[in-house]
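Notes for the one structure printed next.
Rule-based calculations on the coordinates, nothing more; no lab input. Everything numeric in this text was worked out from a predicted model, so none of it was measured. Ideal geometry is used to build each Cβ from the backbone, glycine not excepted, and the neighbour counts take in all protein chains shown.
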Amino acid sequence: MFVKHLLSGVAAAAVSSMAIAAPASAKTVEAVASFTVLADMVHQVGGDHVHVISMVAPNGDPHEYEPTPDDAKNLKNADVVVTSGLGLESWFAKLAKASGYAGKPVIASDGIKTRKMEEDGKTITDPHAWNSIPNAEIYVRNIVAALSKADPDDAAAFKANGEQYEAKLKELDTYAHAQVDSVPKGDRKVLTTHDALSYFGAAYGVKFLSPLGFSTDKEPSAAQVANVIKQIKSEHVHAYFFENSNDPRLVKQIADATNAQPGGELYVEALSAPDGPAATYADLFKYNVDKLVAGMKAGERS
């Protein structure tokens with residue numbers, strides 16, 4: 001079924017890709033990223049020397065993505081392919097095999113100190129490592145190295161762009177600590193759609209509860225939902241958020257059962273459209289910090 005869908009032209013109209021065009025230069029590196037957060041990081045490092053396409057579109061879910069014929073073509077034409085790894089892109093191996101892609105993708109999360117969690121009685125790795133700034137800096141360094149290998153003539157430019165981008169990220173890290181630290185520790189608790197913010201929580205001291213676990217490819221049981229509701233009530237969680245790439249109905253149902261107040265929409269694994277509030281990774285991160293802090297402070301007052 002997968003191969004048939006991949007090779008069919010019928011799906012061409014449903015292609016979901018984000019292309020960031022670059023002006024002409026001595027060499028333009030053709031890069032493909034698995035989803036928009038990575039595509040933006042590649043763009044920030046590559047600048048005018050790189051043209052990058054994101055397979056998963058803005059507001060798209062990288063867990064449940066179904067590749068298209070254009071993805072196969074883009075993979076075969078790419079000089080560099082960047083994925084996050086850690087089990088996020090479960091669909092990539094099938095895409096690579098079906099498309100005939102024989103290269104080795106860059107795993108941007110290499111070197112990350114991963115976090116583990118329990119799901120369905122199994123210990124799994126949380127793949128959402130980019131949601132802490134220190135981890136994002138590791139992603140950036142891996143991207144600098146990959147682009148420099150693909151285009152040695154422009155390695156100095158990639159290094160300079162990477163250092164400038166990391167400096168901006170460090171400012172965001174300082175900002176996040178200051179904003180979260182302004183919320184009393186007992187109020188730093190939030191309900192979200194699925195467990196995509198454990199790295200953020202560990203880095204900045206926020207506790208997140210979610211009904212879906214780390215992945216969005218299955219629904220929780222009634223018993224799991226009941227347990228989440230019970231925990232929210234016992235821990236006095238006052239604010240809930242949904243995500244731009246997920247269905248908000250389940251978290252809304254749980255919030256209604258616990259009197260939690262809406263905090264708005266978060267962007268945790270997909271950028272917004274270019275005219276939205278999270279068009280870049282830096283925008284995404286600051287937006288999430290501001291939304292989370294406002295929601296936790298509103299709960300503090302309620």
(request) For the range 126-177 and the range 67-117, compute the distance between their C-alpha centroids and round to whole Å. (result) 19 Å
(message) Going by amide H atoms built from the backbone, whose H comes under 5 Å of the H on Ala33, apart from near neighbours?
(response) Ile53, Ser54, Met55, Val82
(request) Net charge near Ala31: determine it from the other residues with C-beta under 11 Å of the C-beta of Ala31, scoring Lys and Arg +1 and Asp and Glu -1. (result) -3
(message) Among the listed pairs Lys149/Lys170; Lys76/Lys168; Lys97/Lys122; Lys170/Lys286; Lys27/Lys97, which have their C-alpha atoms separated by more than 22 angstrom in this model?
(response) Lys149/Lys170; Lys76/Lys168; Lys97/Lys122; Lys27/Lys97
(request) Could you calculate the FRET efficiency of Lys116 with Lys207 from 1/(1 + (r/R0)^6), where r is the beta carbon distance between them and R0 is 22 Å, rounded to 0.05? (result) 0.85
